[in-house]
Amino acid sequence: MKKPDVKVVLLGDMNVGKTSLLHRYMERRFQDTVSTVGGAFYLKQWGAYNISIWDTAGREQFHGLGSMYCRAASAIIMMYDVSNMQSLLELEERFLGLTDTASDDCIFAIVGNKVDLTDDYDVGEVGENPRPSSKARKQVQVEDAVALYKRIIKYKMLDENCVPVAEKMCFETSAKTGYNVDALFEAVFNMVVPLIIKNKVNRPQDTVNLAESNHKKQSKRGCC
């Protein structure tokens, strides 16, 4: 297996559709899934780079594993259900603290899934524009997600002038139809590529200078 250059993590309460969203993006199909146990990941090649995408469990009994999966993450996608306000509140109350182990320059995206189930949208096949419909009431607006994003930036003590603007990092998606799914992942991946490049530049060289190594060995023997 190829070594990942960077890690992206999905966080959110159970039943918000994290696994279905990831299946839609990676396998190009919708799949009703059971709850994720612990965590699972896919490896995505993006240009010259390999990106691991981690799907984490939202159940309480697996909550403690979240900080382990977030360790050294370069991007975290925090997901909620647009028809469930509590799922948005849980991101700040339960999941934000897990991101303390992420990279200092970690990028955040806030994603409201299941727009196809709400009265605001009737999302058809992938690429179609939303159409008016009468479905479940939408409880979370994009403005709510934007406000959460700004609170996250303050919590992480980041300079607002040095991070992506909130309006570019808040998405509404449908794992069932594929609406906005590609746009979400492409936006995140394009933003982590500069981090990959920076890490490669700052990373210590893995090569060994044999001449220098032999010189050090001879010096040590001479000292004895």
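The values are calculated or read from the model by the stated rules, or taken from the named source; none is laboratory data. Computed from a predicted model, the values in this text were never measured in an experiment. Glycine gets a Cβ as well: all are built from the backbone with ideal geometry, and neighbour counts include every protein chain shown.
So the values come out like this:
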{"item": "Residue in the range 66-91 that is surrounded by the most Cβ atoms within 10 Å (Cβ to Cβ), counting only those that are free of Cβ contacts under 8 Å to residues at least 60 places away in the same chain and within 16 Å of the chain's Cα centre (by Cα)", "result": "66"}
{"item": "Qualifying residue in the range 21-28 (condition: in a loop (DSSP other than H, G, I, E, B) and modelled with pLDDT of 90 or more)", "result": "yes"}
{"item": "Residue tally, condition small (Gly, Ala, Ser) and under 19 Å from residue 143 (Cβ atoms), over the range 83-102", "result": "2"}
{"item": "Residue list for the range 63-85, restricted to those being of a type in the set (D, E, K, R) and more than 16 Å from residue 4 (Cβ to Cβ)", "result": "81"}
{"item": "Qualifying residues in the range 31-67 (those that are among the aliphatic types (A, V, I, L, M) and at pLDDT 90 or above) - the one farthest from residue 13 (Cα to Cα)", "result": "48"}
{"item": "Per-region count, the range 154-182, residues among the β-branched types (Val, Ile, Thr) and outside any loop (DSSP other than H, G, I, E, B)", "result": "1"}
